[in-house]
Amino acid sequence: MSDVSRPSPAGVRTAAVIPAAGRGVRLGPGAPKALRALGGTPMLIHAVRAMAASNHVSLVIVVAPPDGAAEVKSLLDAHALPDRTDFLVVPGGATRQESVRLGLDALPLGYGVVLVHDAARPLVPVDTVDGVIEAVRAGAPAVVPALPLADTVKEVVPADTPGDPEPVVATPERARLRAVQTPQGFDRETLVRAHDTVTGEVTDDASMIERLGLTVVVVPGHEEAFKVTRPLDLVLAEAVLTRRRLNDGF
Ligand code: C5P
């Protein structure tokens with residue numbers, strides 16, 4: 001568990017980059033996913049508060065939809081956020097990777113640890129965030145929160161037409177698999193180097209570090225750090241928020 005009362009030593013100040021520029025088409029038509037409301041508050045605000053909830057995080061950089069930076073800035077201004085945290089909004093790019101890169105470009109000097117957190121994971125608990133930061137501070141260049149899988153996973157030859165039968169190629173041993181979440185934590189220089197040198201599409205930032213040949217470590221994730229992707233995830237997120245409110249009331 002983290003010692004949140006300890007001030008950050010020089011050079012290991014921590015910033016969080018939140019890519020929030022995706023359209024979120026799998027949730028159905030409507031506003032960009034990060035701006036959808038959960039419990040009456042935009043998902044992005046939940047995600048920003050989840051990062052700012054860590055006493056170690058002193059800057060949050062939000063990467064907005066390319067044409068939506070002003071709207072996102074007003075949104076942050078309109079919601080209560082901790083005074084001890086600084087906030088920046090920058091326009092994003094066409095891919096998640098590009099959006100993260102644009103967030104990193106806006107990172108001031110003096111931040112040695114960077115978290116990258118999906119706006120689409122609004123409910124990650126602060127202990128998970130602190131666990132990731134602690135592991136980076138302890139010397140890991142890249143840290144990923146993750147959970148064991150409930151489902152067995154099959155590798156298939158993807159069908160050309162969705163819904164067609166797909167031949168199974170392999171069944172990886174489930175006990176060795178982990179489903180990874182965010183925030184993923186990085187030594188800043190390593191992450192910038194990865195963005196400078198690794199080409200090709202990736203689905204998370206840690207895989208870019210793997211491609212550099214460096215070791216990525218996994219720490220325990222949390223079931224409430226799930227990604228809001230499909231309509232059912234919205235139902236689950238509302239239920240988690242309701243339970244938190246009830247618990248806070250007692
Ligand atoms: O699409 P996916 O769910 O993997 O997106 C993960 C995160 O990346 C989301 O928070 C989304 O807003 C962000 N993203 C982005 N820029 C893009 C595409 C996705 O910031 N061009």
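Give me the distance in nm between label points sitting 7 Å out from Cα along the Cα-to-Cβ direction at ARG193 and GLU71, one decimal.
According to this spin-label approximation, the distance is 3.9 nm.
Using packing as a proxy for protection, rank 37-44, 150-157 so that the peptide with the highest average count of other Cβ atoms within 10 Å comes first.
Taking the mean over residues of other Cβ atoms within 10 Å, the ranking is 37-44, 150-157.
Using a cut-off of under 18 Å, list every residue of segment 206-250 whose amide N is near the label point 7 Å from the Cα of ALA175 along the Cα-to-beta-carbon line.
Output list for this probe position: empty.
Over the chain, what is the relative contact order in whole percent, taking alpha-carbon pairs under 8 Å and six or more residues apart?
Across the chain, relative contact order equals 23 percent.
Hey, what's the chain come to in accessible area per residue, 1.4 Å probe, Å²?
51 Å²
FRET efficiency for ARG26 and ALA78, Cβ-Cβ distance as r, R0 = 35 Å, nearest 0.05?
With R0 = 35 Å, the Cβ-Cβ based efficiency is 0.80.
Can you tell me which of 97-106, 58-67 comes out highest on packing, and rank the rest after it, using the mean Cβ neighbours within 10 Å?
58-67, 97-106
At a 1.4 Å probe radius, carbon and sulfur cover how many percent of the accessible area of the chain?
Taking all protein chains in place, the chain shows 55 percent carbon and sulfur surface.
The values are calculated or read from the model by the stated rules, or taken from the named source; none is laboratory data. What you see is a predicted model; the values in this text were computed from it and never measured. Ideal geometry is used to build each Cβ from the backbone, glycine not excepted, and the neighbour counts take in all protein chains shown. Areas reflect the complete protein model, heavy atoms only, side chains present, ligands, DNA and RNA absent. Shrake-Rupley method; radii C 1.70, N 1.55, O 1.52, S 1.80 Å.
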